[in-house]
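Scroll down for the structure; my scribbles are underneath it.
The values are calculated or read from the model by the stated rules, or taken from the named source; none is laboratory data. Worth saying up front: this structure is predicted, and the values here are computed from it rather than measured. Neighbour counts run over all protein chains shown; Cβ positions are idealised from the backbone, glycine included. The area values use the complete protein model at the heavy-atom level, side chains included, leaving out ligands, DNA and RNA. Shrake-Rupley method; radii C 1.70, N 1.55, O 1.52, S 1.80 Å.
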Amino acid sequence: NPKVKMAAAEQPFDLAGHHFAAGAFIIAGANRAALESQIRDYGLLAWATDTTPSVPTHDLDVPRIGYVHSWSSTQDEGWVRMVLDKLKVPYVYFGDNQLRQGKLRAKYDVIIYPNGPVTVDGGEIPADGTPLPYKKTDLTPNIGTAPDSTDDRRGSLGRDGLKALEAFVQEGGVLIAEGTAATLFPEYRLVPGVTIEQPSGLYAPGSVLKALLGDKTSPILYGYDQNTIGVMYKGGPVLALGGGGGGFGGGRGGTLPAGVGGGNLQPMAAPPR
């Protein structure tokens, strides 16, 4: 509920005979009657107390979410969008070529970039050429109706779009990438300590692999009470920690500033402390 001020506990704590994990919601001055239906509908547990928990917290807000799609394939991103729509998560849906416009942090706190075609080198817009619209017309009555249309779909991501994404993360934005899109920053060495692994002899499409949760204090893992989680492996990419990093496209500037990229950043795109 965007009208209810909430905070998240950054550490586990005990209160009134109950144990609470990191990430527990703390609602000061809560109106139980107003929250009762949501507590019930979402299967939550809530306790009232007249004592403020003595634990570090940070405020929770409703993030402004940007949702990127390509103009050539919507198969994979459509599945993710279906889940957001089902959960009624608000977002702004736009084509990957619009990332070139920059100033993303002024519009969004979180950008979701699902799996799909991504073009960086060779993805620039030709200086001469006619626009390629994706709009409903008499000849194309079944496209460009919903959820998006454009007067010009040329260009894909391109280097300008990649630079805009880099600036978005540097300025405190959260980028959630999947599949091919997840290889962008490691491939162009924009993520210190993360590289693309090329495991030899690995062929296990459709397998459920056990992933170890190395840092359970991370906000990403709030709510998980286990030490492992099952992950479906389709065929890549595989990312490795401990590799080199820094420098846009291999030394053309644009390295992350000190303190950014070290992991365990505050959620909701809040700047790291």
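Of all residues in the range 190-247, those satisfying the criterion of being more than 21 Å from Ile176 (Cα to Cα), among the hydroxyl-bearing types (Ser, Thr, Tyr) and either open to solvent by 70 Å² or more (accessible area, probe 1.4 Å) or without any contact (Cβ under 8 Å) to a residue 12 or more places away in the chain (or both) are Ser200, Tyr203. Just to be sure before I move on: is Leu104 within 17 Å of the chain's Cα centre (by Cα), part of a loop (DSSP other than H, G, I, E, B) and under 29 Å from Pro192 (Cβ atoms) in the structure I sent? The answer is yes for Leu104. Annotation note: of Thr49, Thr74, the sole residue that is free of Cβ contacts under 8 Å to residues at least 60 places away in the same chain and closer than 28 Å to Ala164 by Cβ is Thr74.
Please work out which residue is modelled with the highest pLDDT, limiting yourself to the range 207-242 and to residues that are of a type in the set (Val, Ile, Thr), within 21 Å of Asn115 (Cα to Cα) and not in a helix (DSSP H, G or I). Walk me through how you get there before you give the answer.
If we filter the range 207-242 for residues that are of a type in the set (Val, Ile, Thr), which is where we start, we get 208, 217, 220, 228-229, 231, 238.
In the following step, the residues that additionally are within 21 Å of Asn115 (Cα to Cα) were identified as 208, 220, 231, 238.
Filter once more, keeping what is not in a helix (DSSP H, G or I): 208, 231, 238.
Values: Val208: 93, Val231: 87, Val238: 86.
Restricting to residues being of a type in the set (Val, Ile, Thr), within 21 Å of Asn115 (Cα to Cα) and not in a helix (DSSP H, G or I), the top hit is Val208.
Between a first residue in the range 105-116 that is of a type in the set (A, V, I, L, M) and a second residue that is open to solvent by 40 Å² or more (accessible area, probe 1.4 Å) and not in a loop (DSSP other than H, G, I, E, B), which pairs have beta carbons less than 6 Å apart while being 6 or more apart in sequence or on different chains? Partner pairs satisfying both residue conditions: Val110/Val174; Ile111/Leu175; Ile112/Ile176. Taking the criterion of being among the small types (Gly, Ala, Ser) and open to solvent by 10 Å² or more (accessible area, probe 1.4 Å), the residues of the range 174-189 that qualify are Ala177, Gly179, Ala182. Considering the range 152-167, and only residues there that are in a loop (DSSP other than H, G, I, E, B) and in contact with a helix residue (DSSP H, G or I) (Cβ under 6 Å, 6 or more places away or on another chain), the residue that is modelled with the highest pLDDT turns out to be Leu157. The residues listed here are Gln198, Gln170; of these, the one that is at pLDDT 80 or above, within 21 Å of Gly242 (Cβ to Cβ), out of contact with any strand residue (DSSP E or B) (no Cβ under 6 Å at 6 or more places or on another chain) and not basic (Lys, Arg) is Gln198.
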